[in-house]
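Inspection log for the structure reproduced underneath, given as structure tokens.
The values are calculated or read from the model by the stated rules, or taken from the named source; none is laboratory data. Being a predicted model, the structure only gives us computed values, none of them experimental. Don't worry about glycine lacking a Cβ; one is built from the backbone with ideal geometry, like all the others, and counts go over all protein chains shown. Just the protein is used for accessible areas: all its heavy atoms, side chains included, with ligands, DNA and RNA removed. Shrake-Rupley method; radii C 1.70, N 1.55, O 1.52, S 1.80 Å.
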Amino acid sequence: MTLYLPTERLHGIALPVSIVASEPIEIPRVSPNSGPEAVLAALASETPGAEVRELDDTAALRSERDVPADPAQGVDVAHRRVEYLVPIPDSTPDRYLTFSFSALIAPGSDPAFYDTLVELFDAVMSTFRWSYS
């Protein structure tokens with residue numbers, strides 16, 4: 001797992017965001033003859049706000065949601081979360097990477113600010129490329 005945090009201010013503002021990239025995880029196939037696309041479609045049908053996108057010619061699942069503060073559940077601050085689930089091509093068994101973006105939502109803040117941060121993360125993810133060595 002890798003955690004990315006901004007360390008420099010942007011126009012005097014410390015960005016309240018993080019990106020987490022996971023180690024590969026295994027997810028069983030929907031049926032013996034199906035591939036990752038069937039898994040992504042099944043997850044998209046069960047996940048509000050999810051859609052299938054392409055990253056470097058690979059289908060990926062993208063979801064976005066606002067997570068309200070809930071101290072009883074260990075969530076002290078509301079945040080916007082965007083997640084990508086990306087199958088690793090030709091992996092056996094099927095393995096996936098996950099990339100999670102979170103932006104803390106300050107009370108009374110402008111939602112357009114968070115929309116812009118999400119657009120920035122989506123732009124970063126659009127540059128995703130597989131490297132084979």
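Just to be sure before I move on: is V124 in a helix (DSSP H, G or I), modelled with pLDDT of 90 or more, among the β-branched types (V, I, T) and open to solvent by 30 Å² or more (accessible area, probe 1.4 Å) in the structure I sent? When the stated conditions are applied, V124 passes them. Among the residues of segment 44-62, just one is farther than 15 Å from V82 by Cβ and either among the hydrophobic types (A, V, I, L, M, F, W, C) or under 13 Å from the mean Cα position of the chain (by Cα) (or both), namely A59.
Scanning segment 6-22 for residues that are more than 18 Å from F113 (Cβ to Cβ), without any contact (Cβ under 8 Å) to a residue 24 or more places away in the chain and not polar (S, T, N, Q) yields nothing.
In segment 110-131, what residues are within 12 Å of E64 (Cα to Cα) and among the basic types (K, R)? None - no residue of segment 110-131 is within 12 Å of E64 (Cα to Cα) and among the basic types (K, R), so the list stays empty.
Conditions tested, residue by residue: (1) surrounded by fewer than 16 Cβ atoms within 10 Å (Cβ to Cβ); (2) of a type in the set (G, A, S); (3) more than 27 Å from W130 (Cα to Cα).
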{"position": "E8", "(1), (2), (3)": "yes, no, yes"}
{"position": "P32", "(1), (2), (3)": "yes, no, no"}
{"position": "V39", "(1), (2), (3)": "no, no, no"}
{"position": "S45", "(1), (2), (3)": "yes, yes, no"}
{"position": "L61", "(1), (2), (3)": "no, no, no"}
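Cβ-Cβ contacts under 6 Å between residues 6 or more apart (or on different chains), taken from a first residue in segment 51-67 that is farther than 22 Å from Y114 by Cα to a second residue that is β-branched (V, I, T) and buried (at least 17 other Cβ atoms within 10 Å of the Cβ), are listed as L55/V86; A60/V86.
Criterion applied to V39, V30 was being on the phi < 0 side of the Ramachandran plot, aliphatic (A, V, I, L, M) and assigned to a loop (DSSP other than H, G, I, E, B), and the one residue passing it is V30. Taken together, the residues in segment 81-112 that are outside any loop (DSSP other than H, G, I, E, B) and either within 27 Å of P24 (Cβ to Cβ) or open to solvent by less than 70 Å² (accessible area, probe 1.4 Å) (or both) amount to 17.
Restricting attention to segment 9-30, the residues that are aliphatic (A, V, I, L, M) and under 13 Å from I88 (Cα atoms) total 2.
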